[in-house]
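Asks: Here it is: the structure, laid out below.
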Amino acid sequence: MPRSTWFCIDIECSGPVPSLYDMISLGAVVVRDHEDGSLTIGEDFYVEIKPQAPNVDAGAMAVNGLDIELLRREGTPRRQALEQLTAWTNAHTTLGSEPTFVGHNAPFDWSFVAWCYAAEGMKNPFGYKALDTKALSAGILNLHWLDSNKEILAERLDLPAEDMGQKHRADYDARYQALILKRLLERQRR
């Protein structure tokens, strides 16, 4: 059976769609799938990115709590951030496996990441596909799509409640999503 190295990724952005708005932070946590079927949560990656897009949505910025002006001055340039993510991903992908992008509502997060790689003319180390833990949980736990939120998953998977003081910080959210993925895959493998 092919193995994956799972990369739980969460982004924060300055609005609802790539190109018109920016991915302004990215957190990632590796989940390793071992030959014996066990899973371990590993290292983190985090970067705050200098915005370039023409628009900023005040509602999005209120959710993520980042300072757009500070990011304009001190954020990591997008290309450099992607180079760092690619190097980190390559360094943490288990030999003989492929890096797999995982997100809680992966279509949203993946679209920003994929668009940024395309805009910079760079190869996306995750390719064109992503695993969505909302959809995975709907299947494994027999949930309705609208019940695949983190609060219900925390209850059904016996996870700690999210720390509301850290929620919507990309590195924290990526680590929490790694917990969700690990528990879902363990449940699937029973």
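Asks: Answer yes if at least one residue in region 164-173 is on the phi > 0 side of the Ramachandran plot, in contact (Cβ under 8 Å) with a residue 24 or more places away in the chain and buried (at least 16 other Cβ atoms within 10 Å of the Cβ), and no otherwise.
Replies: Yes, region 164-173 contains at least one residue that is on the phi > 0 side of the Ramachandran plot, in contact (Cβ under 8 Å) with a residue 24 or more places away in the chain and buried (at least 16 other Cβ atoms within 10 Å of the Cβ).
Asks: Considering region 1-32 alone, what residues qualify as being under 23 Å from LEU184 (Cβ atoms), surrounded by 21 or more Cβ atoms within 10 Å (Cβ to Cβ) and of a type in the set (D, E, K, R)?
Replies: Going through region 1-32, the residues under 23 Å from LEU184 (Cβ atoms) turn out to be 1-11, 26-32.
In the following step, the residues that additionally are surrounded by 21 or more Cβ atoms within 10 Å (Cβ to Cβ) were identified as 6-11, 26-31.
Within region 1-32, ASP10 is the sole residue that qualifies.
Asks: Further question: Out of region 80-108, which residues are among the acidic types (Asp, Glu) and under 11 Å from PHE7 (Cβ atoms)?
Replies: If the condition is that a residue be among the acidic types (Asp, Glu) and under 11 Å from PHE7 (Cβ atoms), then GLU98 is the only one that fits.
We did not get these values from a lab; they are worked out from the coordinates using the rules stated. Here the structure is a predicted model, which means the values were calculated and not measured. Quick reminder, even Gly has a Cβ in these numbers, built from the backbone with ideal geometry, and neighbours come from all protein chains shown.
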